[in-house]
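Engineer: Handing you this structure, nothing more for now.
The values are calculated or read from the model by the stated rules, or taken from the named source; none is laboratory data. What you are looking at is a predicted structure, and each value in this text was computed from that prediction instead of being measured. A quick note on method: Cβ atoms are made from the backbone with ideal geometry, for glycine too, and the neighbour counts reach across all protein chains shown. Remember, those area values only see protein heavy atoms, side chains included, never the ligands or the DNA or RNA. Shrake-Rupley method; radii C 1.70, N 1.55, O 1.52, S 1.80 Å.
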Amino acid sequence: MSKIMSMRGFLTSSLGAPSTTASSIGVSATAVSAIGVACAAVLALPLLSLPAVAAPAAHAAPARPSEAGVPGSTRSLPLVPLSRERVLGAAPVQGLYRPSGEHFSLVGVVWNDPGTELHGRVQVRTRSARTGEWSGWQDVETHNADHGADPGTAERRARRLRGATAPLWVGGSEGVDVRVRGVDGGARGGRSGGRGARGSRTDGGRARDSGIGDGGARDSRTVGGGEHGGRTVEAGRPHPPLPSGLRLELVDPGDEAPPEGASAGAPRTWPLTGAARAASAANTDLAGFGALEIPALDKRATERELARLAGPVRSKPYIGPRPRIVTRRGWDADESLREGGFVYAKKVKVAFVHHTASGNTYTCAQAPSVVRSIYRYHVASMGWGDIGYNFLVDKCGTIYEGRAGGVAKAVLGAHTLGFNNNSMGIAVIGSYGATKPPAAAVTAVARLTAWKLGLFGADPRGKTYLTSGGGNLYPKGKNVRLNVISGHRDGFATECPGKRLYARLGTARSGAARYQGR
């Protein structure tokens, strides 16, 4: 737009020239084949009741070390077959039972091949570290392939990438029981088989709403009896195998025993070393070096800041007041986990809104722990270069810096497969398929987009074009017309951000335009 100088000039004049552009890493390379859909839909079949089997401790991967002084760890445990005998047409089942010996707050299941779908149902129950009581069985969203780096990018080509379920926040726990049961996946696209899958759990959150329907159940009968003695035989064609390498990931955010006088999940100050210093320096134009947060500004102060960063603006700048943003340092990001350096696009044309599908039972004080846990799950468990989202918003409307590189810059994320270039991803923490998103969260999305899109001259109520890098909804190279504020499902065939949050995007668009003064 003519109202604000081009983003290229904006970045190079004051925010620092990008070290790598999206085009230089091949965003428009070979398209991936169609993969499974839905952020929040799995086939709801009866869970096979089987004897609890503990995985050999010798096979457990050690907890990954953290940067000195930064709390948290990730532990990876292989799942084992649970079927006691082979039955023609029976669904394959793998699982793990560990009643104690671990401490975690977030769980998930991962496997070797990120291009392979898990055709099945994943359920977990956990034992509370506080009360010692077991929770009921909870469904874990099995499809998470609609997130990730674009095809052809260096991050997408990383050998350590894995397929994964969505993360599930379960709160402080020390025992876990997980079952992965295969179902017929013939009706869905994507490749079957694969090199392996593994389960994952992350400490830092509580159980989420499953929002799972019963529409995918097939005719079945139970053979045998007793609490753990039965097995289910499915009618119809044989079941596809489960992905290979299934593992349970256990993530501990390391905040169950906060310093005296501090609340659980509260930001703490850790030494700025290595990558932490670089990540903090990326925001020095907006806040003091090493700041725990970037403070809010009113509209006039924001316009003055824009003039300082971008130079004189020829006409009235349509930009919303800068909201308060908790920095990576503020939520205790362990910068030693992520890949070094930053990757930038040319501009931000579209904001994609997501939900994390990790549950709604966390408290606002726990939100930093949830963010740390999702970060660890994305990087240590799934093999991404950094957390996929550019920003996260909790149920109380607090905004958190996501992927490192500077909140005012066009940081290339891994949030909407095929459309990460020239866009940003905002994830509302929780599951919003059946649950109405809090008004505070919707307002925060409006305030954030009014400011960030305003930096790049974008109208929140408008439409624009992005070129697909390849996905299951649009082929590589297709020029797609999108709302400037879109839902994840607009760029990929998925249920994300949940129908209840998706229904509120109109409110976010009108609110953002109002904050911009349009």
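Engineer: Test each condition in (1) open to solvent by 10 Å² or more (accessible area, probe 1.4 Å); (2) more than 23 Å from Arg322 (Cα to Cα) for Thr507 and report the one that comes out false.
Structural biologist: Every listed condition holds for Thr507 apart from (2).
Okay, residues lined up against (1) touching a helix residue (DSSP H, G or I) at 6+ places or on another chain (Cβ under 7 Å); (2) surrounded by 23 or more Cβ atoms within 10 Å (Cβ to Cβ):
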{"residue": "Leu309", "(1), (2)": "yes, no"}
{"residue": "Pro312", "(1), (2)": "no, no"}
{"residue": "Asp334", "(1), (2)": "no, yes"}
{"residue": "Arg338", "(1), (2)": "yes, no"}
{"residue": "Thr361", "(1), (2)": "no, no"}
{"residue": "Val370", "(1), (2)": "no, yes"}
{"residue": "Ala404", "(1), (2)": "yes, yes"}
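Engineer: Within region 318-332, how many residues turn out to be open to solvent by less than 20 Å² (accessible area, probe 1.4 Å) and either more than 22 Å from Asn420 (Cα to Cα) or of a type in the set (A, V, I, L, M) (or both)?
Structural biologist: From region 318-332, those open to solvent by less than 20 Å² (accessible area, probe 1.4 Å) are 319-320, 322-323, 325-328, 330-332; that's our starting set.
Okay, now just the ones that are also either more than 22 Å from Asn420 (Cα to Cα) or of a type in the set (A, V, I, L, M) (or both), so 319-320, 322-323, 325-326, 330-332.
Qualifying residue count for the region: 9.
Engineer: Could I ask something else about it? Output the number of residues of region 294-307 satisfying the condition of being crowded, with 19+ Cβ neighbours inside 10 Å and either under 23 Å from Arg277 (Cα atoms) or among the basic types (Lys, Arg) (or both).
Structural biologist: Within region 294-307, residues that are crowded, with 19+ Cβ neighbours inside 10 Å and either under 23 Å from Arg277 (Cα atoms) or among the basic types (Lys, Arg) (or both) number 1.
Engineer: Of Thr398, Thr464, which residue is hydroxyl-bearing (Ser, Thr, Tyr) and over 20 Å from the mean Cα position of the chain (by Cα)?
Structural biologist: It is Thr464.
Engineer: I'd like to know if region 273-283 contains one or more residues that are under 22 Å from Val370 (Cα atoms), touching a Phe, Trp or Tyr at 6+ places or on another chain (Cβ under 8 Å), open to solvent by 40 Å² or more (accessible area, probe 1.4 Å) and at pLDDT below 90. First the steps, then the outcome.
Structural biologist: Narrowing region 273-283 to residues under 22 Å from Val370 (Cα atoms): 275-276, 279-280.
This time we only want the ones that are touching a Phe, Trp or Tyr at 6+ places or on another chain (Cβ under 8 Å), so: 276, 280.
Add one more test, that the residue is open to solvent by 40 Å² or more (accessible area, probe 1.4 Å), and what stays is none.
Within region 273-283 (the criterion being under 22 Å from Val370 (Cα atoms), touching a Phe, Trp or Tyr at 6+ places or on another chain (Cβ under 8 Å), open to solvent by 40 Å² or more (accessible area, probe 1.4 Å) and at pLDDT below 90), the answer is no, since none of the residues qualifies.
Engineer: Looking only at region 420-433, decide whether some residue is part of a loop (DSSP other than H, G, I, E, B), open to solvent by less than 10 Å² (accessible area, probe 1.4 Å) and within 26 Å of Ala278 (Cα to Cα).
Structural biologist: So far as region 420-433 goes, yes, one or more of its residues are part of a loop (DSSP other than H, G, I, E, B), open to solvent by less than 10 Å² (accessible area, probe 1.4 Å) and within 26 Å of Ala278 (Cα to Cα).
Engineer: Right, something else. All but one of (1) more than 25 Å from the chain's Cα centre (by Cα); (2) modelled with pLDDT of 85 or more hold for Leu248; state the number of the condition that does not hold.
Structural biologist: (1)
Engineer: Considering only region 434-444, I want to know if a residue exists there that is at negative phi and either of a type in the set (Asp, Glu) or under 15 Å from the mean Cα position of the chain (by Cα) (or both).
Structural biologist: Checked region 434-444: no residue is at negative phi and either of a type in the set (Asp, Glu) or under 15 Å from the mean Cα position of the chain (by Cα) (or both).
Engineer: Just one of (1) in contact with a Ser or Thr (Cβ under 8 Å, 6 or more places away or on another chain); (2) open to solvent by less than 10 Å² (accessible area, probe 1.4 Å) trips up Lys452, so point out which.
Structural biologist: It is condition (1) that Lys452 fails.
Engineer: What is the residue count in region 475-490 for residues that are over 18 Å from Arg156 (Cα atoms) and part of a loop (DSSP other than H, G, I, E, B)? Give the steps one after another, and end with the answer.
Structural biologist: As a first pass, look at region 475-490 and keep what is over 18 Å from Arg156 (Cα atoms): 478-490.
Restricting the remaining residues to those that are part of a loop (DSSP other than H, G, I, E, B) gives 478, 484.
Summing the residues that are over 18 Å from Arg156 (Cα atoms) and part of a loop (DSSP other than H, G, I, E, B) in region 475-490 gives 2.
Every residue, every condition in (1) open to solvent by 20 Å² or more (accessible area, probe 1.4 Å); (2) more than 18 Å from the chain's Cα centre (by Cα), yes or no:
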site	(1), (2)
Ser105	no, no
Val124	no, yes
Ala164	no, no
Gly172	yes, yes
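Engineer: Still on this structure, I have one more. Identify the residue in region 133-178 that is touching a Gly at 6+ places or on another chain (Cβ under 7 Å) and of a type in the set (Asp, Glu) and, among all such residues, is modelled with the highest pLDDT.
Structural biologist: Residue satisfying both the conditions and the ranking: Glu155.
Engineer: Testing Val442 on (1) more than 20 Å from Glu293 (Cα to Cα); (2) assigned to a loop (DSSP other than H, G, I, E, B); (3) in contact (Cβ under 8 Å) with a residue 60 or more places away in the chain, one condition comes back false. Which one is that?
Structural biologist: (2)
Engineer: Condition first: hydrophobic (A, V, I, L, M, F, W, C) and open to solvent by less than 10 Å² (accessible area, probe 1.4 Å). Now tell me which residues in region 372-383 satisfy that. Spell out the reasoning first.
Structural biologist: We begin by selecting, within region 372-383, every residue hydrophobic (A, V, I, L, M, F, W, C); these are 374, 379-380, 382.
Those that are hydrophobic (A, V, I, L, M, F, W, C) and open to solvent by less than 10 Å² (accessible area, probe 1.4 Å): Ile374, Val379, Met382.
Engineer: Do we have any residue at all in region 343-355 that's modelled with pLDDT under 95 and over 30 Å from Arg300 (Cβ atoms)?
Structural biologist: Yes - at least one qualifying residue is present in region 343-355.
Engineer: If we scan region 384-392, do we find a residue that is in contact with a Pro (Cβ under 8 Å, 6 or more places away or on another chain), open to solvent by less than 10 Å² (accessible area, probe 1.4 Å) and at pLDDT 95 or above? Full working, then the answer.
Structural biologist: Step one: filter region 384-392 for residues in contact with a Pro (Cβ under 8 Å, 6 or more places away or on another chain), giving none.
No, region 384-392 contains no residue that is in contact with a Pro (Cβ under 8 Å, 6 or more places away or on another chain), open to solvent by less than 10 Å² (accessible area, probe 1.4 Å) and at pLDDT 95 or above.
Engineer: Considering region 462-492 alone, what residues qualify as being open to solvent by 30 Å² or more (accessible area, probe 1.4 Å) and among the small types (Gly, Ala, Ser)?
Structural biologist: Once the filter is applied, which keeps residues that are open to solvent by 30 Å² or more (accessible area, probe 1.4 Å) and among the small types (Gly, Ala, Ser), region 462-492 yields only Gly477.
Engineer: Looking at region 77-103, which of the residues that are in contact with an Asp or Glu (Cβ under 8 Å, 6 or more places away or on another chain) and modelled with pLDDT under 70 is surrounded by the fewest Cβ atoms within 10 Å (Cβ to Cβ)?
Structural biologist: Across region 77-103, the extreme among qualifying residues is Gly89.
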